[in-house]
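**Student:** Here you go, one structure.
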Amino acid sequence: MSAHLYIEGGESKEDQIRCREGFRKLIGKLGFAAGKKMPRLTACGGRNSALDDFKTAHSHSKKGDYIAMLIDSEDPVADGEKTWEHLKARDNWHRPAGADDEQVLLMTTCMETWIVADRTALKAHYGHKLQENALPPLIDLEKRNRKEVHDKLTQATRDCSNAYAKGKRSFEVVGTLTPAALSSLAAFARLERILKAKL
């Protein structure tokens with residue numbers, strides 16, 4: 001049995017390495033030991049590339065393998081368990097033959113939603129210049145527009161020497177996040193539940 005996650009993120013080869021490393025650190029904190037239960041991670045660049053890589057791997061998978069993609073939902077999700085339904089409505093993506101909803105792990109609405117949910121990690125990473133009051137409220141965080149979340153995170157860190165930016169800095173922050181802080185997010189709780197059941 002093998003497990004492989006195809007992750008949206010990393011436009012350059014360097015950023016794909018950083019993306020993989022950031023998510024390896026975060027997922028590792030769920031209790032998966034490297035080399036034992038930890039899934040293989042591939043950073044794919046854009047979401048369409050993640051879909052293409054997922055479809056290719058899914059079509060060649062063996063019985064018992066767990067092949068999945070971890071992507072931004074881009075918009076709020078009506079039912080977090082009906083992932084292919086969301087992707088069909090939003091992106092006109094079609095579910096590959098034999099694929100199920102648990103093979104799609106969504107970051108609702110974007111990776112930055114997960115980042116702003118962990119205020120302790122943000123304060124530790126950015127230091128005293130972080131303007132926490134500029135961050136979006138934690139209430140109904142997964143219903144917030146992705147541009148609003150991204151813009152507020154950028155605004156809150158603008159005076160920091162390592163101000164938030166997509167790429168190297170964003171994946172560094174992901175690696176500092178803790179599952180306990182993200183467990184209140186339905187999408188992260190779902191990822192944890194599914195990975196622990198599958199691996």
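The values are calculated or read from the model by the stated rules, or taken from the named source; none is laboratory data. Just so you know, these numbers come straight off a predicted model, no measurement behind them. Here the Cβ is made from the backbone with ideal geometry for all residues, glycine too, and neighbour counts use every protein chain on show.
**Student:** Every residue in the range 1-53 that is in contact (Cβ under 8 Å) with a residue 60 or more places away in the chain, in a strand (DSSP E or B) and out of contact with any Asp or Glu (no Cβ under 8 Å at 6 or more places or on another chain), please.
**Tutor:** Hits for the range 1-53 are LEU5, ILE7.
**Student:** Then there's this: What tally of residues in the range 99-150 results from selecting those that are in a helix (DSSP H, G or I) and either free of Cβ contacts under 8 Å to residues at least 24 places away in the same chain or among the hydroxyl-bearing types (Ser, Thr, Tyr) (or both)?
**Tutor:** First, pick out the residues of the range 99-150 that are in a helix (DSSP H, G or I): 101-103, 111-117, 119-129, 132-134, 141-143, 146-150.
Going one step further and asking which of them are either free of Cβ contacts under 8 Å to residues at least 24 places away in the same chain or among the hydroxyl-bearing types (Ser, Thr, Tyr) (or both), we end up with 101, 113, 120, 123, 126, 128, 133-134, 147-148.
Number of matching residues: 10.
**Student:** Pick out the one residue from LYS55, LYS13, LYS63, LYS25 that is of a type in the set (D, E, K, R), modelled with pLDDT of 95 or more and more than 28 Å from ALA180 (Cβ to Cβ).
**Tutor:** Values: LYS13 fails: modelled with pLDDT of 95 or more; LYS63 fails: modelled with pLDDT of 95 or more; LYS25 fails: more than 28 Å from ALA180 (Cβ to Cβ).
Matching residue, one of LYS55, LYS13, LYS63, LYS25: LYS55.
**Student:** Out of THR157, THR178, report the one residue that is touching a helix residue (DSSP H, G or I) at 6+ places or on another chain (Cβ under 8 Å), of a type in the set (S, T, N, Q) and not assigned by TED's automatic domain parsing to the domain that holds PHE32.
**Tutor:** Working: THR178 fails: not assigned by TED's automatic domain parsing to the domain that holds PHE32.
Answer to the check: THR157.
**Student:** If the requirement is being under 22 Å from ASN145 (Cβ atoms), loosely packed, with under 15 Cβ neighbours inside 10 Å and among the small types (Gly, Ala, Ser), which of these qualifies: GLY31, GLY46, GLY64? Steps first, answer last, please.
**Tutor:** On the way: GLY31 fails: under 22 Å from ASN145 (Cβ atoms); GLY64 fails: under 22 Å from ASN145 (Cβ atoms).
Just one listed residue meets the conditions, GLY46.
**Student:** Go through (1) among the charged types (D, E, K, R); (2) within 20 Å of SER73 (Cβ to Cβ); (3) surrounded by fewer than 18 Cβ atoms within 10 Å (Cβ to Cβ) for LYS152 and report which single condition fails.
**Tutor:** Evaluating LYS152 over (1) among the charged types (D, E, K, R); (2) within 20 Å of SER73 (Cβ to Cβ); (3) surrounded by fewer than 18 Cβ atoms within 10 Å (Cβ to Cβ) leaves (3) as the failure.
**Student:** Also: Please enumerate the residues belonging to the range 54-68 that are assigned to a loop (DSSP other than H, G, I, E, B) and among the polar types (S, T, N, Q). Can you show your working first?
**Tutor:** Start the filter on the range 54-68 by keeping residues that are assigned to a loop (DSSP other than H, G, I, E, B), which leaves 60-65.
Matches in the range 54-68: SER61 only.
To keep it simple, each residue is scored yes or no on (1) among the basic types (Lys, Arg); (2) modelled with pLDDT of 95 or more; (3) exposed (fewer than 15 other Cβ atoms within 10 Å of the Cβ).
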position	(1), (2), (3)
ALA99	no, yes, no
THR109	no, yes, no
ARG144	yes, yes, no
SER161	no, no, yes
ALA165	no, no, yes
LYS168	yes, no, no
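**Student:** Ok, one more. Within the range 111-125, can you find the residues that are surrounded by fewer than 22 Cβ atoms within 10 Å (Cβ to Cβ) and touching an Asp or Glu at 6+ places or on another chain (Cβ under 9 Å)?
**Tutor:** ARG119, LYS123, HIS125
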